[in-house]
Amino acid sequence: MTSGRYAIGLARAFGGAILFGIPLLMTMEMWSLGFSMGRGRLLLLLTFTLLVLVGLSYFSGFEKTFSLKEDVMDALAAFGVGVITSAALLMVLAAISLEMTWGEIVGRVALQSVPAGIGAMLGRKQLGAGQDMDAEEERKREAGYGGELFLMLAGALFLAFNMAPTEEMILIAFQMTPWHGLALGVLSITLLHVFVYSIGFSGQESPPEGGSFLSTFLHFTLTGYAIALLVSLYVLWTFGRTDGVSLAEIANMLVVLGFPASLGAATARLVV
């Protein structure tokens, strides 16, 4: 890639980091979590995010890559863009200042860099002019079933991460009855299936050739919902939402967070 095209890719990465990261950059709960959450969990989250970014680079990085090494470098560059964007905006918004301890500043910036880094990685596709789209679709087809599941995981992670820090998510889970939880779970599964296979969105997945409704439902829809729930559980644990909480309350929170996570899984191909 020429220096000019790389510069354009970086500019789009910064634009994507701002667009995808701004909702959480202006969320008070995220500022608090950046200070209070366990550093071991934060480090694990950053490591997991980097691995996801490597996978996203293969499908739709902010520059075209041809090897695992280039995907890793692309992921590190996107994460770096996320860190710089988060630090700059948090400072402009007075969410960090030199009067704070370094631990609080680093924690806030590192946590905010997760959605900003994902936004940076997706900036090329979302803010670009549609170049190399055929090549990207070919990569998705070559990745097969495993690639589809990875894209579902990435989409679920992004939306679950946006919802999990908010107090409203806890409030909704607290006031729900088991019947509400069952209804929300059924709605999540239904929308996941309909969004991916029925509405006709650009980039949607086609049912496997010769596959029955039951086979498609089991291999993609239910598996996608299971991925959304696992991602939701991981994000809830990361933010300490499961600490000292009963299994029934955790189940309610899983169903609540699994709703946006399943929508993220369903629409991942449209974004990535």
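The values are calculated or read from the model by the stated rules, or taken from the named source; none is laboratory data. Just so we're clear, the structure is a prediction, and the values are computed from it rather than from any experiment. In this analysis, Cβ positions are derived from the backbone assuming ideal geometry, glycine residues included, and neighbour counts consider all displayed protein chains. These area figures cover heavy atoms from the full protein model, side chains too; ligands, DNA and RNA do not enter into them. Shrake-Rupley method; radii C 1.70, N 1.55, O 1.52, S 1.80 Å.
By accessible area, using a 1.4 Å probe on protein heavy atoms only, the stretch 3-131 has 74% of its surface on carbon and sulfur.
With the dipole of the stretch 3-131 worked out from charges on the C-beta (+1 for Lys and Arg, -1 for Asp and Glu) around the Cα centre, which of 79, 100, 53 lies farthest toward the positive end? Value computed over the given set: 53. Based on C-alpha pairs under 8 angstrom that are at least 6 apart in sequence, the stretch 3-131 has a relative contact order of 47 percent. Since only 38, 9, 88 are under comparison, the one whose Cα sits farthest along the positive direction of the charge dipole of the stretch 3-131, derived from C-beta charges on Lys, Arg, Asp and Glu, is 9. For the stretch 1-110, the solvent-accessible area with a 1.4 angstrom probe is 51 square angstrom per residue.
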